[in-house]
Amino acid sequence: MKIAISIFFIIGIIAIVAFGLPLGGGDNTNTEFLRLHIRANSNSQEDQAIKHVIRQEVIDAFTPIFSTVTSRDQAMTVLGTSLSTFEDVANRVLSDNGFDYRARASLRNEHFPTRSYNGFVLTEGFYDALIIELGSGSGDNWWCVIYPPLCFLNNNIGGERGVVYRSRLQEIIRRLT
């Protein structure tokens, strides 16, 4: 048991170094990750449900766009030139489902609280993010990490279609625990 905990601790340190997770100090700006936030119009059941439909459509749209992305800088460039694509996808879904509000897509650097995502902890700080606001954007959001492509790790939950990417680090951790 102690060996497993020690191995897990060592792998955790390796993950922090490999993924550049900030350990504190500095200006708390993270330059390793790009996030995706889809912000619902409200917390009504209908607005939250359409947010999840849009989430899947957006992921389906950026899967082929991101298939050749190999760096964060390249990811930022691709996102910047694809904003209208993501906005169009969201607006099509809204229109097809009878919603009278629209979506807005933008790239912004915003402050986010500490969050855990698929076993990774993203500490509080400023992150670049693709923000898709549905209507007022005042409802609860759904988020993931676009780069590195962690959005795809659990993209098949609940029978939804999608690409499933594997994480070598997660596979190593699973084998050792």
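Among the residues that make up segment 40-50, is at least one of them assigned to a helix (DSSP H, G or I), out of contact with any strand residue (DSSP E or B) (no Cβ under 6 Å at 6 or more places or on another chain), among the β-branched types (Val, Ile, Thr) and in contact (Cβ under 8 Å) with a residue 60 or more places away in the chain? Within segment 40-50 (the criterion being assigned to a helix (DSSP H, G or I), out of contact with any strand residue (DSSP E or B) (no Cβ under 6 Å at 6 or more places or on another chain), among the β-branched types (Val, Ile, Thr) and in contact (Cβ under 8 Å) with a residue 60 or more places away in the chain), the answer is yes, since at least one residue qualifies.
Hey, does segment 82-99 have a residue that's among the hydrophobic types (A, V, I, L, M, F, W, C), within 16 Å of residue 130 (Cα to Cα), at pLDDT below 95 and in a helix (DSSP H, G or I)? Yes - at least one qualifying residue is present in segment 82-99. Applying the condition of being more than 16 Å from the chain's Cα centre (by Cα) and among the charged types (D, E, K, R) to segment 74-117 and asking which residue is least open to solvent (accessible area, probe 1.4 Å) yields 87.
Checking each residue in segment 119-163 for being under 26 Å from residue 94 (Cα atoms), at pLDDT below 75 and open to solvent by 30 Å² or more (accessible area, probe 1.4 Å) picks out 154, 156, 157, 158, 159, 160, 161, 162, 163.
The values are calculated or read from the model by the stated rules, or taken from the named source; none is laboratory data. From a predicted model like this one, the values you see are computed outputs, not experimental measurements. Positions of Cβ are generated from backbone atoms using ideal geometry, with glycine treated the same way; all protein chains shown enter the neighbour counts. Each accessible area value is taken on the protein alone, full model and side chains, heavy atoms only, with ligands, DNA and RNA left out. Shrake-Rupley method; radii C 1.70, N 1.55, O 1.52, S 1.80 Å.
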